[in-house]
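Single-structure report; data block below.
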Amino acid sequence: MFPDARRDVLFPVIGSAVLFSVLVGGGMLYQTIIGNGAAERLMTTMLIDAIIVIGIQIYIGNTGILSFGHIGFGAVAGYAFAVYAVSPEEKLKRIPNAPFGLTDTQVGPTLAMLIAVVVTLVFAFIVGIGLARSGAQSGAVAPTVITLAVLFVTHEVAKSWPQLTGGNRGGVSFAIGASLDKRWPILLALFAALLGARLYGQSRSGRLATAAREDNLAARAMGVNPLVQQMTALLISVVVVSIGSSLRVWQIGSILPDRFFFDYAMLTLVMLIVGGRNSVTGAVLGVAVMTAALELARRLGQEGFEIFGIGLDQAPLDWVFRENLNSIVLGIAMVGFMIWRPSGILEDWEFDRWLYRKLDRDEVEPELLVELDEVPDLRFSASDISVSFGGFHALSGAGITAASGEVVGIIGPNGAGKTTFVNVITGMVEPTHGEFSIGDRSLNGMRSFELSRSGLVRTFQNLRMFGALTVRENVETAALVAREHRADRQLPDVDPLIREAGLWEHRDRRARELDYGNSRRLELARAAAMAPSFMLLDEPTSGMSDSESLTMIEQVRHMAATVAAGVIVIDHDLGFITGISDRIYVFDQGRVIAEGTPEEVQADPRVQAAYLGSMAGD
Amino acid sequence: MLEVAGLTTKYGAISALRDAHLTVGEGEVVGLIGPNGAGKTTLLGSIAGILPIESGTTTFDGADITSVAPEKILRSGLALVPEHRRIFTDMTVEENLKIGGVTRSATERGDLLEEMAELFPVLRDKWDTAAGFMSGGEAQQLAIARALMSKPKLIMMDEPSLGLAPVLVDLVFELIDTLRSQGRTILVVEQNATRMLSVADRAYVLRSGDIVATGTGAELLERDDLFDTFVGG
Amino acid sequence: MSELVQNLIDGLGRGSIYALLALGVAVVFGIMHLLNFAHGELITIPAYVTYWAFNNGWNWWTVVPLIVIVAVLSSLLIERIAFSRVRGAKDFTLLLTSFGVHFIVAAGFLLYVSASVKQIPRPTWAANTVAISAVRIELFDIVVIGVTIVVLAGTTWLLQRTMFGLALRAAAADFDTARLMGIKSDSVIRGAFALSGFLAGIAAVFWIMREGQVTPTAGIDPMLKGVLAALIGGLGSLRGAVLGGFVLGLAEVLLRSWLPIEIQNLTTGFVFVMIALLFIFRPGGLVSVPQVERV
């Protein structure tokens, strides 16, 4: 069922409540067992760390972009909070000359937190624009460097602007009345963070961001604009981190530049990585595990601590287990997990999704889709397309037309220019000359996500799945985009489409686990979910045996008919192409050398020569 | 000299290879033809060790080279001229050749460099030019020469005539002929089936991951249904 | 005018060290796509060894080769223990691994040596200045620039004229094809780390001489400078890295002399912002290495 409010709203709420209870409950238990002030402080710290790590997870998990900068945003929020929340008397001691008259200002902690969030959001928005311009995508270096810059710059400013921040010595320290003796602000913020993270993860923006994380190119080909989703994820994550940082400052009672720098960035990052960066449940687990591990390390480094009756302050063990053991534990945890389990303990497993599937009643097999009778009267037309790379003419005046409901094939030997042609009409290469359009709408100059929103949807030769997402989620990604940008067309339902592709029993399996044939069919289904005017299939039978290719013929025809789309197919498998096409264009050496029905083309001696090659001089 | 038995390779989304059997005898020129996407590059890549083999074996000169590291396979005497040539564009012709001979001693390398200059006069002219500035035909010659620098017992070529103008295609096939007359053993993947079959001693036709036909070059050329074997169905 | 010349020499002096560090970073990145955030430890470790050496009666003549040797060995050791196990992993993983290594080393010194600053005696000639007309130049800067030029020349010779250098360049250009030529991946990677360690060692000599002290986190600053300079030049370009190093050194000095006093402390921050801006408008760095999006 799509959209699925149970999966995307109800269960995340339930799941967040459970996670919240487990974490807080576990913390209370520990506190009660140990029964001293140190344990209580440790638990408070853990809960606040959890809020911040969840905030970081919202960004890193959904976009796949490694950010070191969130603690830098935390610094901004922390200082903003402190400066607004601390009483003027206290401020007079530390920052008597604060700019903007801030020494005399004081607001309640809630308002201070709100101000902190707003200030940090503005800063984050500017940074987000920079990230977008630098070509941010999962795994790229540039955005990581930019976020590192955020971390360092905020640290530098904090150190070097004593009028505002108290500089590096005393910092801004304070007691805000009833301070943080009560835990309820923290608990409230933690629950809100959990809920927000899960709801965002299942929201349209979160799902599109995740698709872009899995495969940026394929997401764009499905009409997703990754930059918009990444900015959304950034802003939401910054809100959470700002609140958590304000609470952190409130709890500690003071703020220093080093508290929001490298060490804390490393700590929060390790917590996230250990638990599993693509999962909110993982973030929570990571916080709990690392808190425990570090506490253990701290105890091991102290005098008089015993494990199984072996005193660890006896030689030679006392040389190993010393004070400050935690920093080494962090480093070892990081390197260890990178070597043995880079995705973390839970990878991207989410509690509420697991629960949902467990409690899932047997879904009824959906109806088969009906082939649409009404075929819109649209023509795809590409004319006089030329592309030159340096002196090399990849394409010279190539062009094709296709009508809705038609299947047009493109064949030609390697190096004939087919790939270049496809790249031109899918917005990846700019032609030196030529136009292409659907109906009377020109497609020149459009970027790939704009093209697919305009009705030209492609599949990829190199099979680009959203690997970690399930079959269903893959198709839903396209459906989410179609609902917004293809609303004037008749949109196929997701479940019937999955059944149509023969993937119903695999609907909840991850795309990367599918075998090859099923993966190709998933690609088809995903493209069809966009309700395209024209589907462009790039070597859909690549890697298939002859018999598999033949079954593809019917599958492609049928799938296209259910959405009344025209089909443009490029393939080397001549059996497949001649079987499926109404008309075929033959490319060779950058030109269209023949066009006609499959019979005409097969009998054409020029085509035979192009394929088999010819002796010199022919 | 080279024996491939029951080779099955799955390579991401690009052509799989199913149960391929192939032999190349010493001094032979063997062709591997078929439509694109048939698995020809996959086959060469599997033999050369750059693609992971799922099942089957490859034996070279009596030794098992299945799933052995590519640098080891090269050192045992099996060289590959990869598809799209993959020359080091920022390095000069001389440097490219030297790298090809990295496994040889310095004196041997010196001799080989002279040999290559003889065999490929156009390379001698461009000795100190960056390889990225060479035309397609020149680059192909460089790629072949580079592979020869390792003194291979068997040289494999992946689509050497790809993207070349007809007169350069002639050059490539003349080269193959010359190398054969030098007694070298060659396995060539080619798109230009007609030319290939006229030079090859034997050939295999690959389609959609399966070897569908084999025979001497002449036998295959004479078949009326050659185009059909390409098309299938 | 004389101030400008002094600043220029000062900038080149700093830039020399940064260039060496950046080159070390770029060499490893070119081969493995690993941005080594642990590169600074190749200064920290030798620095602590230097401290130990001076406490045991060594002098600068014997310490200099020691520093370089320790740097090379540390580089190889870190590759063996950590980076060899994540070969071929995603950039994300490689980056975080190098961070982890940095942390372990820094924490290790914190834990097992001391958190306090350890002093290292500066060489006596380092404080001397040379006067040329109205300009006073530090002898130290001249020596640094001179040594760097020699080392860079030597490295260029190594990369251009020896088979080892050729193999490194081939592997950096196209690792898979290099293997097809018979180049062993283990050998070339270790070679890259050894070269990187050597360059870091030379940089370490001058860094230690200039700073005169060592702390567990001493590695962060040189690492940052090296990484930033390599980024300015465009990761993957060795020439760019060297250029980036000099640009960074000059930028630092010039910014410091131009910025008003109050925000002079923000120099590193400024540099960072400039680099972030560079990334935004020219993601490939100053010397672009073209990236092709493969469909």
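The values are calculated or read from the model by the stated rules, or taken from the named source; none is laboratory data. All values derive from a computational prediction rather than experimental measurement. Here Cβ is always computed from backbone atoms with ideal geometry, including for glycine, and neighbour counts include all displayed protein chains.
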Legend entry - Given (1) within 14 Å of another protein chain (Cβ to nearest Cβ); (2) buried (at least 20 other Cβ atoms within 10 Å of the Cβ); (3) of a type in the set (Gly, Ala, Ser), index of the condition C:SER84 fails: (2)
Legend entry - Hits in the range B:68-96 - residues which are more than 17 Å from the chain's Cα centre (by Cα) and under 14 Å from C:LEU180 (Cα atoms): B:VAL68, B:ALA69, B:LYS72, B:PHE88, B:ASN96
Inset, instruction - Answer yes if at least one residue in the range A:179-197 is more than 21 Å from A:MET43 (Cα to Cα) and either touching a residue at least 60 places away in the same chain (Cβ under 8 Å) or under 21 Å from the mean Cα position of the chain (by Cα) (or both), and no otherwise. - result: yes
Legend entry - Pick from the range A:563-587, criterion within 8 Å of another protein chain (Cβ to nearest Cβ) and out of contact with any strand residue (DSSP E or B) (no Cβ under 8 Å at 6 or more places or on another chain), ranking: surrounded by the most Cβ atoms within 10 Å (Cβ to Cβ): A:ASP573
Legend entry - Elements of type strands (runs of 3 or more DSSP E) contained in the range A:542-606, each with 3 or more residues being modelled with pLDDT of 90 or more and within 30 Å of A:LEU491 (Cβ to Cβ): A:566-570
Legend entry - Given (1) at pLDDT 90 or above; (2) assigned to a helix (DSSP H, G or I), number of the condition B:LEU22 does not satisfy: (2)
Legend entry - Hits in the range A:386-418 (condition: among the β-branched types (Val, Ile, Thr), under 19 Å from A:LEU537 (Cβ atoms) and in contact with a helix residue (DSSP H, G or I) (Cβ under 9 Å, 6 or more places away or on another chain)): A:ILE400, A:VAL407, A:ILE410, A:ILE411
Inset, instruction - List every residue pair whose Cβ atoms lie under 7 Å apart, where the two residues are 6 or more positions apart in sequence or sit on different chains, the first residue falls within the range B:23-41 and is touching a residue at least 60 places away in the same chain (Cβ under 8 Å), and the second residue, located anywhere, is among the basic types (Lys, Arg). - result: B:GLU28/B:ARG202; B:VAL29/B:ARG180; B:VAL30/B:ARG202; B:LEU32/B:LYS40; B:GLY34/B:LYS40; B:GLY34/B:ARG207; B:PRO35/B:ARG207; B:ALA38/B:ARG207
Inset, instruction - Looking for whichever is assigned to a helix (DSSP H, G or I) and either more than 8 Å from chain A (Cβ to nearest Cβ) or touching a Ser or Thr at 6+ places or on another chain (Cβ under 6 Å) (or both) here; the options are C:ILE137, C:ILE142, C:ILE104. Which one fits? - result: C:ILE142
Inset, instruction - Only residues that are of a type in the set (Val, Ile, Thr) and within 14 Å of chain B (Cβ to nearest Cβ): list them for the range A:414-458, please. - result: A:THR419, A:THR420
Inset, instruction - Looking at (1) within 14 Å of C:ASN36 (Cα to Cα); (2) assigned to a helix (DSSP H, G or I); (3) away from chain B (no Cβ under 14 Å), find the lone condition where C:VAL205 falls short. - result: (1)
Inset, instruction - Quick one: which residue in C:ALA171, C:ALA153, C:ALA192 is closer than 23 Å to B:ILE155 by Cα and either modelled with pLDDT of 95 or more or part of a helix (DSSP H, G or I) (or both)? - result: C:ALA171
Inset, instruction - Just give me the residues in the range B:44-91 being surrounded by fewer than 23 Cβ atoms within 10 Å (Cβ to Cβ), hydroxyl-bearing (Ser, Thr, Tyr), at pLDDT 90 or above and farther than 16 Å from C:ALA173 by Cβ, in sequence order. - result: B:THR57, B:THR59, B:THR66, B:SER76
Inset, instruction - Please find, among A:ALA511, A:ALA527, A:ALA560, A:ALA531, the residue that is crowded, with 24+ Cβ neighbours inside 10 Å, over 24 Å from A:VAL370 (Cα atoms), of a type in the set (A, V, I, L, M, F, W, C) and touching a residue at least 24 places away in the same chain (Cβ under 8 Å). - result: A:ALA511
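Residues checked against (1) within 14 Å of chain A (Cβ to nearest Cβ); (2) closer than 26 Å to B:GLY100 by Cα; (3) basic (Lys, Arg):
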{"position": "B:VAL4", "(1), (2), (3)": "no, yes, no"}
{"position": "B:LYS10", "(1), (2), (3)": "yes, no, yes"}
{"position": "B:ASP19", "(1), (2), (3)": "yes, no, no"}
{"position": "B:PRO35", "(1), (2), (3)": "yes, no, no"}
{"position": "B:PRO52", "(1), (2), (3)": "no, yes, no"}
{"position": "B:GLY62", "(1), (2), (3)": "no, yes, no"}
Inset, instruction - Report whether or not C:ILE232 is more than 29 Å from C:ALA107 (Cβ to Cβ), away from chain B (no Cβ under 14 Å) and either of a type in the set (Asp, Glu) or buried (at least 24 other Cβ atoms within 10 Å of the Cβ) (or both). - result: yes
Legend entry - Residue satisfying all of: in the range B:92-136; surrounded by fewer than 20 Cβ atoms within 10 Å (Cβ to Cβ), in contact (Cβ under 8 Å) with a residue 40 or more places away in the chain and of a type in the set (A, V, I, L, M); nearest to the other protein chains (Cβ to nearest Cβ) among these: B:ALA130
Legend entry - The listed residue being surrounded by fewer than 23 Cβ atoms within 10 Å (Cβ to Cβ) and more than 16 Å from the chain's Cα centre (by Cα), out of C:LEU76, C:LEU4, C:LEU12: C:LEU4
Inset, instruction - Identify, by number, the condition in (1) touching a Ser or Thr at 6+ places or on another chain (Cβ under 9 Å); (2) surrounded by fewer than 22 Cβ atoms within 10 Å (Cβ to Cβ); (3) of a type in the set (Gly, Ala, Ser); (4) in contact (Cβ under 8 Å) with a residue 12 or more places away in the chain that A:ALA112 doesn't meet. - result: (2)
Legend entry - Number of the exception - A:LEU269 against (1) under 30 Å from A:SER452 (Cβ atoms); (2) part of a helix (DSSP H, G or I): (1)
Inset, instruction - Quick one: count up the residues across the range A:342-385 that are free of Cβ contacts under 8 Å to residues at least 60 places away in the same chain and in a strand (DSSP E or B). - result: 5
Legend entry - Subset of the range C:27-54 (residues that are within 14 Å of chain A (Cβ to nearest Cβ), in contact with a Gly (Cβ under 7 Å, 6 or more places away or on another chain) and of a type outside the set (S, T, N, Q)): C:PHE29, C:GLY30, C:GLY40, C:GLU41
Legend entry - Cβ pairs under 8 Å, 6+ apart, first in the range B:68-90 and hydroxyl-bearing (Ser, Thr, Tyr), second surrounded by 15 or more Cβ atoms within 10 Å (Cβ to Cβ) and not in a loop (DSSP other than H, G, I, E, B): B:SER76/B:PHE60; B:THR89/B:ALA130; B:THR89/B:ALA131; B:THR89/C:ALA173
Inset, instruction - Might you let me know whether the range B:179-190 holds any residue that is over 19 Å from the mean Cα position of the chain (by Cα) and within 13 Å of chain A (Cβ to nearest Cβ)? - result: no
